Amino acid sequence: MATSAPTIDVPPQPWTGRFDGDSPEHRRWWQAVSPYGPRAIPASSAATAGRPRAAVLLGFGSDEGVRRNKGRAGAAAGPAAIRAALGPLAFHLHREVHDAGDVTVAGQSLEAGQARAGLAITSLLDAGVLPVVLGGGHETAFASYLGMAGSQAVREGLRVGVLNLDAHFDLRDEPAPSSGTPFLQMARAETAAGRELKYAVVGISEPGNTRALFRTAAELGVDYLLDEDCSAENTHTFVAAFLAHVDALYLTIDLDVLPASVAPGVSAPAAYGVPLQVISAVCRQVAASGKLLHVDVAELNPGFDIDGRTAKVAARLVNTLLL
Ligand SMILES: N=CN[C@@H](CCC(=O)O)C(=O)O
Ligand SMILES: [Mn+2]
Ligand SMILES: [Mn+2]
């Protein structure tokens with residue numbers, strides 16, 4: 001299996017955090033994460049002997065999609081803020097974690113950045129690791145899609161479901177791609193590839209999505225759960241039903257699915273939102289399913305965060321997914 005390093009714009013930077021000692025029982029994320037490189041992960045350790053796959057973090061430093069979608073720019077600084085929040089967390093994982101650095105959109109077109117990130121993600125998937133993409137606005141999701149669509153497993157027929165934790169459908173029909181369009185782009189790309197997008201959303205805000213967006217969702221056969229219906233039990237049942245119909249899952253977390261008090265640092269904070277307990281339980285459920293192929297966390301805007309609250313929640317969810 002190939003283990004070549006992905007093409008990136010910013011190489012992995014040093015991680016920092018509290019120091020309690022060098023031994024494993026004192027270890028925190030910043031001490032456990034190592035740079036991803038061609039020889040960092042032997043092919044044999046990718047998914048063997050019951051050991052969970054190594055996870056590889058990849059930043060997608062973009063907020064051009066949010067800007068195009070008339071939102072509050074600043075999500076390009078998301079990857080650094082999530083890493084800074086992950087660094088001090090105590091390390092209880094049983095898998096390797098590597099950092100591949102960032103693909104950035106600064107000074108280049110969004111579409112080119114998505115394509116470049118897609119190539120990096122394809123190379124990670126083909127190396128047998130679990131990519132964890134740190135956005136970036138939700139335009140990150142189309143980069144994730146490109147990466148999966150190019151992977152050997154998908155080209156050989158793996159049926160991947162897209163589970164979006166989000167207050168929004170992001171099915172806008174616009175002349176240019178943005179943070180509001182990625183799942184319509186995916187639907188069209190899947191149709192062009194002779195497949196059908198399997199897309200489900202947890203946390204849809206009714207007042208946050210127009211009738212036109214609900215109609216598009218209905219036309220595409222999108223399964224969704226409204227935010228007000230996201231009890232622990234309903235959500236577990238909904239996710240289990242979706243998981244049962246796919247071989248593998250792409251989980252995309254738009255942090256604006258959470259209440260504004262929990263996740264203020266986003267472009268569009270949620271008045272209602274899905275409780276953190278429910279979102280965290282979805283992460284555990286997906287991780288326990290053994291079907292998680294790829295994950296991204298999007299829309300963190302550190303410029304609007306309060307006490308790093310949203311970054312901490314993003315880090316906590318990434319940690320939970322990888323336990
Ligand atoms: N990424 C998507 N964002 C939402 C933004 C909604 C808003 O700004 O109120 C959307 O396009 O629907
Ligand atoms: Mn959203
Ligand atoms: Mn979104």
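Taken together, the values in this text are just the output of simple stated rules run on the coordinates, not laboratory data. No experiment lies behind these values; they were computed from the predicted model shown. FYI the Cβ positions are ideal-geometry reconstructions off the backbone, even for glycines, and counts take in every protein chain you see.
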Exercise. Over all Cα pairs of the stretch 91-220, how is the pair count split among 10 Å bins, expressed in % and running from 0 up to the last occupied bin?
Worked result: 12, 40, 35, 12, 1
For this session: Between His245 and Thr191, with labels modelled 7 Å along Cα→Cβ, what's the label distance in nm to one decimal, could you check?
Result: 1.8
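If you wrap a convex hull around the C-alpha atoms of the chain and split its volume per residue, what is the figure in Å³? Walk me through the intermediate numbers first.
Numbers: hull volume 40.1 nm³, N = 323.
Here the figure is 124 Å³ per residue.
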Exercise. Lys/Arg Cβ at +1, Asp/Glu Cβ at -1, dipole of the chain taken about the Cα centre: which of Ala115, Leu163, Val56 is farthest positive-ward?
Worked result: Val56
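Determine, from the Cβ-Cβ distance of Ser23 and Leu158 and an R0 of 30 Å, the FRET efficiency 1/(1 + (r/R0)^6), rounded to the nearest 0.05. Write down the numbers at each step before the final one.
Details: r = 40 Å, r/R0 = 1.33.
The pair Ser23/Leu158 has a calculated efficiency of 0.15.
Under a Cβ-only charge scheme (Lys and Arg +1, Asp and Glu -1), can you give me the dipole magnitude of the stretch 204-323 about the Cα centre, in debye to the nearest 20?
Values: 7 positive and 14 negative charges, 55 e Å.
That gives the stretch 204-323 a dipole magnitude of about 260 debye.
So what's the back-of-envelope 222 nm ellipticity for the chain, counting only DSSP H runs of four-plus at -39500 (n - 2.57) apiece and dividing by all residues, rounded to 500? Working shown, then result.
Values: 11 runs with 110 residues, N = 323.
It comes out at -10000 deg cm²/dmol, rounded to the nearest 500.
For the stretch 224-323, count the residues as N, evaluate 2.2 N^0.38 Å, and divide the Cα radius of gyration by that value, please. Each step should come with its number before you reach the end.
Values: Rg = 13.3 Å, N = 100, 2.2 N^0.38 = 12.7 Å.
The stretch 224-323 yields a ratio of 1.05.
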For this session: Enumerate the calculated ³J(HN,Hα) couplings along the stretch 271-283 in order (Karplus 6.51 cos²θ - 1.76 cosθ + 1.60, θ = phi - 60°), each rounded to whole Hz, writing x wherever the residue is Gly or Pro.
Result: 5, 9, x, 9, x, 4, 4, 6, 5, 5, 5, 4, 4
Problem set entry | Karplus (6.51, -1.76, 1.60) ³J(HN,Hα), θ = phi - 60°, over the stretch 179-190, in Hz, Gly and Pro reported as x | 6, x, 10, x, 7, 6, 4, 5, 4, 5, 5, 5
Exercise. Sorted from largest down, what three extents in whole angstroms do the Cα atoms of the stretch 277-317 have along their principal axes?
Worked result: 35, 20, 12
Exercise. Which one of Ala232, Leu321, Ala268 has its Cα pushed farthest toward the positive end of the charge dipole of the stretch 200-323, where Lys and Arg give +1 and Asp and Glu give -1 at the Cβ?
Worked result: Leu321
Problem set entry | Longest DSSP-loop-exposure-free segment, trypsin sites (Lys or Arg not before Pro), the chain, at most 13 other Cβ within 10 Å | 160-323
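Just for the chain, what percent of DSSP beta bridges are antiparallel, to the closest 5? Mind dumping the intermediate values first?
Numbers: 2 of 41 bridges.
Of all bridge pairs located within the chain, approximately 5 percent are antiparallel.
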Seminar exercise, completed: Sorting Pro175, Ala311, Thr191 by the position of each Cα along the dipole of the chain (Lys, Arg +1; Asp, Glu -1; all at Cβ), the one nearest the positive end of that ordering is Ala311
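Fewest to most neighbouring Cβ within 10 Å: what's the order for Phe304, Phe60?
Working: Phe304 16, Phe60 30.
The most exposed by this proxy come first: Phe304, Phe60.
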Seminar exercise, completed: Note, the stretch 198-211: 3J(HN,Hα) by Karplus (6.51, -1.76, 1.60, θ = phi - 60°), whole Hz, Gly/Pro = x, goes 9, 10, 9, 10, 10, x, 4, 8, 4, x, x, 9, 6, 4
Problem set entry | Kirkwood hydrodynamic radius (C-alpha pairs) into Stokes-Einstein, the stretch 179-224, 25 °C and 0.890 mPa s, D in µm²/s | 219
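If the only charges are +1 at each Lys and Arg Cβ and -1 at each Asp and Glu Cβ, what is the size of the charge dipole of the chain around the Cα centre, to the nearest 20 debye?
Computed charge dipole of the chain: roughly 560 debye.
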